[in-house]
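Student: Take this structure first; my questions come after.
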Amino acid sequence: MKQGTRIDRYLAEQYPEHSRSYLQKLIKDGNVLVNGKQIKANYKLNEEDVLSLEIPEPKEIDIIAEPVPLDIVYEDQDIIIINKQKDMVVHPCPGHYTGTLVNGLLYYCKNELSGINGELRPGIVHRIDKDTTGLLVVCKNDHAHKCIADQLKVHSITRKYHAIVYDNIAEDEGTVDAPIGRNPNDRKKMSINYKNGKRAVTHYKVLERLQNQYTYVECSLETGRTHQIRVHMSHIHHPLVGDDVYGPKKDKFQLQGQCLHAKVLGFIHPTTNKYVEFDSPLPEYFEQMLQKLR
């Protein structure tokens with residue numbers, strides 16, 4: 001081992017089948033010892049150090065497998081591309097332990113899902129909001145999961161969203177580069193946070209101007225922070241139609257959620273190493289809104 005190397009980095013090099021975040025969790029949980037003692041992820045190794053690593057057996061998943069309707073766009077031995085419907089929660093969380101995408105995946109896939117993200121998020125490598133529709137990739141094994149996660153980490157995945165926002169965007173395209181973190185006044189919300197936020201970049205371009213009061217846009221994610229498009233578009237004074245969290249509290253259209261659709265998803269396939277791209281048609285509610293505003 002190289003003198004002065006962080007232990008989490010060293011373990012990631014030695015065990016490439018596991019993500020660095022997973023190895024950091026093992027360190028935090030006391031599954032990694034140096035010279036018989038528990039350490040932190042930033043511990044720097046010495047040449048004479050003796051390491052021991054215990055990878056725990058996967059926990060039995062208590063989530064109920066349910067026959068939840070799934071709109072499957074594509075499937076092979078490594079991945080499933082899902083076209084998520086509006087009002088569907090991706091993984092179990094307080095208040096939503098049934099009827100989620102994960103409940104449906106467990107029923108459909110049985111035990112063929114990656115386990116890297118733990119028992120509540122089997123197969124889930126990224127997610128989209130409850131009221132956002134569109135494409136996401138689910139991984140059937142840990143190799144596929146790590147491959148997709150690595151691409152997300154270096155921002156090489158193509159993720160294009162379509163949205164309807166308030167007011168007329170004057171320029172044809174632009175970029176929002178502003179860090180996002182927890183809202184210090186409301187922990188349930190995200191906000192632009194220059195002190196503690198993580199870098200977030202959204203590129204947008206105008207697809208159509210609607211009645212000079214709304215704009216149909218395409219947003220491409222360079223990073224993938226929680227609520228990124230919603231926060232960024234609100235930040236430049238063009239919140240999403242239907243978003244009562246980051247936009248007007250009263251929505252005259254009664255959409256019950258933001259007008260946002262994950263339309264295009266592209267990445268390097270974990271087995272073929274070839275670029276694949278998927279496109280999802282706009283959902284009916286979105287098409288109806290466009291027609292109403294034209």
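The values are calculated or read from the model by the stated rules, or taken from the named source; none is laboratory data. Quick caveat, the model's predicted, so the values are computed rather than measured. Cβ sites come from the backbone with ideal geometry, for glycine too, and all protein chains shown count toward neighbours. Remember, those area values only see protein heavy atoms, side chains included, never the ligands or the DNA or RNA. Shrake-Rupley method; radii C 1.70, N 1.55, O 1.52, S 1.80 Å.
Student: List, in order, the whole-Hz ³J(HN,Hα) value for each residue of segment 187-193 obtained from phi through the Karplus relation with A = 6.51, B = -1.76, C = 1.60 and θ = phi - 60°; use x for Gly and Pro.
Tutor: Residue by residue, segment 187-193 yields 5, 7, 10, 9, 7, 5, 9 Hz.
Student: Suppose accessible area is computed on protein heavy atoms with a 1.4 Å probe; arrange Lys25, Lys153 from highest to lowest.
Tutor: Correct descending sequence by accessible area is Lys153, Lys25.
Student: For the charge dipole of the chain, defined by +1 on Lys and Arg C-beta atoms and -1 on Asp and Glu C-beta atoms about the Cα centroid, which residue among His18, Leu207, Gln3 has the Cα displaced farthest towards the positive pole?
Tutor: Sorting the options by dipole projection puts first Gln3.
Student: Taking the full set of protein chains and a 1.4 angstrom probe, give the accessible area of Glu75 in square angstrom, rounded to the nearest 10.
Tutor: 70
Student: Can you tell me how segment 185-259 classifies by the Cα gyration tensor, rounded, prolate or oblate, using a/c under 1.5 as the rounded cut?
Tutor: Here segment 185-259 falls in the oblate category.
Student: Each residue of segment 113-127 in order: what ³J(HN,Hα) in whole Hz does its phi give by Karplus 6.51 cos²θ - 1.76 cosθ + 1.60, θ = phi - 60°, with x for Gly and Pro?
Tutor: Each residue of segment 113-127 in turn: 9, 5, x, 4, 8, x, 6, 8, 10, x, x, 8, 9, 8, 9 Hz.
Student: A further question follows. Modelling each spin label as a point 7 Å along the Cα-to-Cβ direction, I'd like the Glu112/Gln14 distance in nm, to one decimal.
Tutor: 3.4
Student: Is the C-alpha gyration tensor of segment 38-110 telling us rounded, prolate or oblate? Criteria: a/c under 1.5 is rounded; beyond that, a/b larger than b/c is prolate, otherwise oblate.
Tutor: Note, shape of segment 38-110 comes out prolate.
Student: Another question, then. Under the definition of Cα pairs under 8 Å and six or more residues apart, what whole-number percent is the relative contact order of segment 196-237?
Tutor: Relative CO of segment 196-237 lands at 38 percent.
Student: Return the calculated 222 nm mean residue ellipticity for the chain, to the nearest 500 deg cm²/dmol, obtained by summing -39500 (n - 2.57) across DSSP H runs with n ≥ 4 and dividing by the residue count.
Tutor: -5500 deg cm²/dmol
Student: Further question on the same structure: Taking a ≥ b ≥ c as the square roots of the eigenvalues of the Cα gyration tensor of segment 164-294, is the shape rounded (a/c under 1.5), prolate (a/b larger than b/c) or oblate?
Tutor: Verdict is oblate for segment 164-294.
Student: Same structure, new question: Say we join alpha carbon atoms closer than 10 Å with springs in a Gaussian network model of the chain; which of Gln24, Gln258, Gln38 then has the biggest fluctuation?
Tutor: Looking only at Gln24, Gln258, Gln38, the biggest GNM fluctuation is shown by Gln38.
Student: Quick one: which residues, 5 or more positions from Met190 or on another chain, have an amide H under 5 Å from its amide H? H modelled 1.01 Å from N in the peptide plane, none for Pro or chain starts.
Tutor: Counting only residues 5 or more places away or on other chains, the set is Asn183.
Student: Give the relative contact order (percent, whole number) for segment 165-245; include only Cα pairs under 8 Å separated by 6+ residues.
Tutor: Result for segment 165-245 is 34 percent.
Student: Could you do me a favour and compute the accessible area per residue for segment 172-294, 1.4 Å probe, result in Å²?
Tutor: 54
Student: Given an 8 Å cut-off on Cα distances and at least 6 residues of separation, report the relative contact order of the chain as a percent.
Tutor: Reported as a whole number, the value is 14 percent.
Student: For the chain, give me the percentage of DSSP beta bridges that are antiparallel, rounded to the nearest 5 percent.
Tutor: 95
Student: Roughly speaking, what is the centre-to-centre gap between segment 217-267 and segment 82-159 when only Cα atoms are used, to the nearest Å?
Tutor: Their Cα centres are 20 Å away from one another.
Student: Further question: Enumerate the calculated ³J(HN,Hα) couplings along segment 263-280 in order (Karplus 6.51 cos²θ - 1.76 cosθ + 1.60, θ = phi - 60°), each rounded to whole Hz, writing x wherever the residue is Gly or Pro.
Tutor: Values per residue, Gly and Pro as x: 8, 10, 9, x, 6, 7, 5, x, 9, 7, 6, 10, 6, 10, 9, 10, 10, 10 Hz.
Student: Something else now. Under a point-charge model restricted to the Cβ atoms of Lys and Arg (+1) and Asp and Glu (-1), what is the dipole moment magnitude of the chain relative to its Cα centre, in debye to the nearest 20?
Tutor: Approximately 1040 debye in magnitude.
Student: If each residue of separation counts as 0.36 nm, what is the full-extension length gain between Asn273 and Glu75 once their alpha-carbon separation is subtracted?
Tutor: Difference between extended and current length: 69.7 nm.
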